[in-house]
Amino acid sequence: TCVTNFVGDGVTGQLRVRAFDIHGNVGNGGNQEGWSEVGEVYVDTVAPGAPYDLDIYSVDRKVEDIDGGLYTNDDRIIVGWQANKWDVFRVVIDGHGYEATERLWQVVEALADGIHWVKVMAVDELGNESDYSDILWFVVDTKAPEEVSGAPTTESPTKDTTPTWTWPEGENKPYDDE
């Protein structure tokens, strides 16, 4: 057994062994020098690039950008991203890690209404890990707005052909954490 330390990355290391006995005799019949054939190992410590262009999708519901924030009424969103080289991905959503083998991953357990985040790391076949992607923040809002109570009103009678209507305020925010 021998432990080697090949310096560098993308390096092909080689090793051969020589057999000799306690008296210093080397070789045998056809191999007078006693050296083995050369064994090789390719050393790769380069991590894949970090995934990028994270986004969320929904199969049958909505995902909307409202004032620069992502909102969805789907509690089982699909996360998608781009990546160059990978074997598997580590998807982290709200601090919980999952493994994915494709560049799309669907939430398994329903997400609660509220603010969530997701990030993704690529891991190549040798276990080299990329940095995490940028974090993508989004809001899940599955609650329907409150019903408006009362009728809309305007000045009446009026000669204005473009009257301004008002009504009692209901819940109209994209997300309410109460």
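The values are calculated or read from the model by the stated rules, or taken from the named source; none is laboratory data. It should be emphasised that the depicted structure is a prediction, and the values quoted were computed from it without experimental measurement. Glycine also receives a Cβ, built like all others from the backbone with ideal geometry; neighbour counts cover every protein chain displayed. In case anyone asks, the SASA skips ligands and DNA or RNA and just uses the protein heavy atoms, side chains included. Shrake-Rupley method; radii C 1.70, N 1.55, O 1.52, S 1.80 Å.
Listed residues I115, I93; which is closer than 14 Å to I56 by Cβ, at pLDDT 95 or above and surrounded by fewer than 16 Cβ atoms within 10 Å (Cβ to Cβ)?
None of the others qualify; the one that does is I115.
Residue by residue through the stretch 55-83, note down the ones that are within 20 Å of G97 (Cβ to Cβ), out of contact with any Ser or Thr (no Cβ under 8 Å at 6 or more places or on another chain) and among the charged types (D, E, K, R).
Result: D55, R76.
How many residues are in contact with a Gly (Cβ under 9 Å, 6 or more places away or on another chain) and not in a strand (DSSP E or B) if we restrict to the stretch 8-58?
10
Any idea how many residues of the stretch 123-160 are surrounded by 13 or more Cβ atoms within 10 Å (Cβ to Cβ), touching a Gly at 6+ places or on another chain (Cβ under 7 Å) and either not in a loop (DSSP other than H, G, I, E, B) or not aliphatic (A, V, I, L, M) (or both)?
Of the residues in that region, 3 qualify.
Does any residue of the stretch 65-88 turn out to be touching a Pro at 6+ places or on another chain (Cβ under 8 Å), outside any strand (DSSP E or B) and open to solvent by 90 Å² or more (accessible area, probe 1.4 Å)?
Taking every residue of the stretch 65-88 in turn, at least one turns out to be touching a Pro at 6+ places or on another chain (Cβ under 8 Å), outside any strand (DSSP E or B) and open to solvent by 90 Å² or more (accessible area, probe 1.4 Å).
Can you confirm whether V107 is in contact with a Pro (Cβ under 7 Å, 6 or more places away or on another chain), touching a residue at least 24 places away in the same chain (Cβ under 8 Å) and surrounded by 12 or more Cβ atoms within 10 Å (Cβ to Cβ)?
So V107 does not fit the description; no.
Only one of (1) of a type outside the set (A, V, I, L, M, F, W, C); (2) at pLDDT 85 or above; (3) over 21 Å from the mean Cα position of the chain (by Cα); (4) loosely packed, with under 10 Cβ neighbours inside 10 Å is not met by Q14, so which one is it?
Q14 satisfies every listed condition except (4).
Looking at the stretch 138-178 only, could you name the residues that are among the acidic types (D, E) and at pLDDT 85 or above?
Residues satisfying the conditions are D141, E155, D160.
Which one of V17, V46, V26, V63 is under 30 Å from V107 (Cβ atoms) and of a type in the set (A, V, I, L, M)?
Selected residue: V63, the only one of V17, V46, V26, V63 that is under 30 Å from V107 (Cβ atoms) and of a type in the set (A, V, I, L, M).
Quick one: is D53 open to solvent by 70 Å² or more (accessible area, probe 1.4 Å) and under 20 Å from V123 (Cα atoms)?
yes
Looking at the stretch 64-78 only, could you name the residues that are over 16 Å from A112 (Cβ atoms) and without any contact (Cβ under 8 Å) to a residue 60 or more places away in the chain?
Passing the criteria: E64, D65, D67, G68, I78.
Residues of the stretch 18-35 being surrounded by 12 or more Cβ atoms within 10 Å (Cβ to Cβ) and under 54 Å from the mean Cα position of the chain (by Cα), which ones?
The answer is A19, G34, W35.
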